[in-house]
Amino acid sequence: VTGAGVAERPGGGPRFAPLDRADLTCPRDLEGLLQARAEGRTPLAGGTDLLIAALHAGRLAGPAVWIGGVQELRGVDVEAGTLRIGGAATIAGLLRSPAAQAAAPALLDGARIVGSVQIRNVATLAGNLCNGSPAADTVPGLAVHRARVELASRDGGTRSLGVLEFLRGPRITDLRSDEVVTALLAEPLGPREGSSYRRFTVRRSMDLAFVGVAVRLGIEHPGGPIASASIALGAVGPTVLMADEAAQALIGESPGGPALLAAADLAAAACRPIDDVRSSAAYRRRLVHALVRECVPEAYRRAAARIGGEGA
Amino acid sequence: VSDEACTVNGLRQPVPAQWRGSRLLDFLREGLGATGAKEGCSEGECGACTVLIDGEPMCSCLVITDTVAGRDIVTVEGVDPALLERLDAAVDAHGGVQCGFCTPGFTVMTQWLSAGGAGAQLTAAGVPAALEGNLCRCTGYLQLHRAIATAAGAALDGGGHDDDR
């Protein structure tokens with residue numbers, strides 16, 4: 001900075017900015033945030049989706065309220081058997097929590113590969129969910145950890161619903177016009193469980209998933225059969241899909257045998273991919289098959305490691 | 001307006017009313033004359049506009065100025081001069097610059113890395129991952145990554161030093 005102070009321009013404001021100035025308020029507490037939402041302001045969290053859309057439109061769609069100033073919504077903690085991630089917690093904030101890493105590895109696998117260092121420092125987990133992208137890297141992890149969305153509004157009080165109910169279609173959520181996501185509540189792994197998320201992209205960073213797969217497994221003992229399983233598929237349907245039949249095929253089986261191929265076949269058959277600029281539907285189906293075959297053994301190894309055994 | 005001020009490179013800067021609602025990048029460049037941060041892609045992809053906010057790198061094209069009230073901003077103009085000297089020499093030695101447009105963003109990231117931003121035990125192999133949000137369309141990255149690893153004092157583990165010629 002030159003230290004010359006603020007340049008005055010005729011008419012004021014940025015000269016070359018491609019974006020009209022935003023009408024943004026920055027409340028410091030939840031009460032102020034709920035009030036702003038009741039007045040119809042659009043929630044702006046990290047802005048990594050909303051500001052890019054605004055750039056292409058030349059302006060934000062309307063008056064907005066910044067979520068990030070509400071300190072009480074920024075926390076990440078595990079208490080009373082729940083991983084609670086505040087509605088304003090950034091992806092980087094989530095990744096800094098060792099408790100979250102232990103509780104929900106599949107969620108953190110996804111969080112770690114969102115965007116870039118710069119993006120993760122501003123982007124929020126709740127924002128990644130509310131953006132409603134079928135390819136969101138954190139959503140399959142939220143799904144296998146049976147996350148619930150906690151919502152509040154000035155006039156409607158609070159409610160909560162499961163992530164699968166909250167997501168109603170591509171870019172469509174159940175968020176009401178006056179509501180705020182106050183927290184995401186994920187179920188931590190049990191002592192004999194492991195979870196994993198992997199995606200396929202062409203570039204390692206700053207790229208969107210062709211396909212993402214999350215797997216959560218429970219085992220009796222290291223080397224023993226799979227006791228419980230869930231599989232979530234991202235970017236192969238209007239929202240995240242649960243591959244329940246594929247998960248069922250793993251129960252009572254070892255993670256490396258013919259059951260793994262059967263589960264991969266069932267997951268590939270259950271997904272509903274589309275052709276688009278990133279990938280053909282047929283290729284996405286093959287990727288689901290491949291990623292299930294990678295995630296199941298990884299989730300199993302992690303479960304075994306939690307028990308402290310040798311793994312399979 | 002006192003509660004609307006931020007700190008830029010150690011100087012307290014009130015945000016005048018006409019810059020409310022603008023992008024931080026515009027306030028820095030046009031309001032304060034700090035033109036080091038560059039506008040590349042305008043959508044958080046290229047990292048040329050990277051600044052540190054409370055010590056963490058962010059793209060100033062994706063930050064609305066109102067949200068930095070009370071926060072501490074470091075732009076490329078505020079990077080530690082001794083580090084800058086080391087980076088200059090390393091970039092020169094490794095051929096890590098051509099057009100220079102991405103250089104301010106990489107320089108701010110070097111400051112962050114040398115302050116331990118990517119973790120205590122930064123290795124040369126870890127440098128490319130830490131710089132995932134910074135694009136360079138000229139050098140091909142290896143030269144830049146080597147230069148930055150050298151300047152930031154990354155432990156040499158062989159990973160960033162394959163010969164690419």
Complex-versus-alone comparison for the stretch B:19-53, residues with a loss of 40 Å² or more in accessible area, probe 1.4 Å: B:TRP19, B:GLY21, B:ARG23, B:GLU30, B:LEU32, B:GLU43, B:GLU45
In the stretch A:181-229, what residues drop by 10 Å² or more in accessible surface going from the chain by itself to the full protein assembly, probe 1.4 Å? A:ARG203, A:ARG204, A:SER205, A:MET206
At least 20 Å² accessible surface lost relative to isolated chain, residues of the stretch A:52-93 (1.4 Å probe): A:ILE52, A:LEU55, A:TRP66
Tally up the carbon and sulfur contribution to the accessible surface of the stretch B:54-165 as a whole percent, 1.4 Å probe, everything protein left in place. 53
What does the helix-only formula give at 222 nm for chain A: each DSSP H stretch with n ≥ 4 adding -39500 (n - 2.57), the total divided by the residues, and the result rounded to the nearest 500 deg cm²/dmol? -9000 deg cm²/dmol
Log10 I(q)/I(0) at q = 0.11, 0.17, 0.21, 0.26 Å⁻¹ for the stretch A:112-186, from Debye over equal alpha-carbon scatterers, is -0.27, -0.64, -0.93, -1.28
Which shape class, rounded, prolate or oblate, goes with the stretch B:43-108 when its Cα gyration tensor gives a ≥ b ≥ c as root eigenvalues, a/c under 1.5 marks rounded, and past that a/b bigger than b/c marks prolate? oblate
Point-charge dipole on Cβ atoms (K/R +1, D/E -1) for the protein assembly as shown, about Cα centre, debye to 20: 620
Nearest 10 degrees is fine. How inclined is helix B:81-94 to the longest principal axis of chain B, computing both from alpha carbons? 40
What 222 nm value per residue comes from the helices of chain B, counting each DSSP H run with n ≥ 4 as -39,500 (n - 2.57) and dividing by all residues, nearest 500 deg cm²/dmol? -7500 deg cm²/dmol
Probe 1.4 Å, all protein chains present, accessible-area order of A:HIS145, A:HIS289, largest first: A:HIS289, A:HIS145
Net +/- balance of residues flanking B:MET109 in space, Cβ distance below 12 Å, scoring K and R +1, D and E -1: -2
If I compute solvent accessible area with a 1.4 Å probe over the protein chains, what percent of it on chain A is carbon and sulfur? 51
Total Å² of accessible surface buried at the A-B contact, 1.4 Å probe, nearest 100? 3300
Taking alpha-carbon centroids only, the stretch B:77-122 lies from the stretch A:63-90 a number of Å equal to 33
Solvent-accessible heavy-atom area per residue, rounded to whole Å², over chain B at 1.4 Å: 39
How many Å² of accessible area per residue for the stretch A:133-275, probe 1.4 Å? 40
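The values are calculated or read from the model by the stated rules, or taken from the named source; none is laboratory data. Everything quoted here is computed from the prediction, not taken from an experiment. Neighbour counts run over all protein chains shown; Cβ positions are idealised from the backbone, glycine included. The protein model used for the area step is the full one, side chains on, heavy atoms only, and it has no ligands, DNA or RNA in it. Shrake-Rupley method; radii C 1.70, N 1.55, O 1.52, S 1.80 Å.
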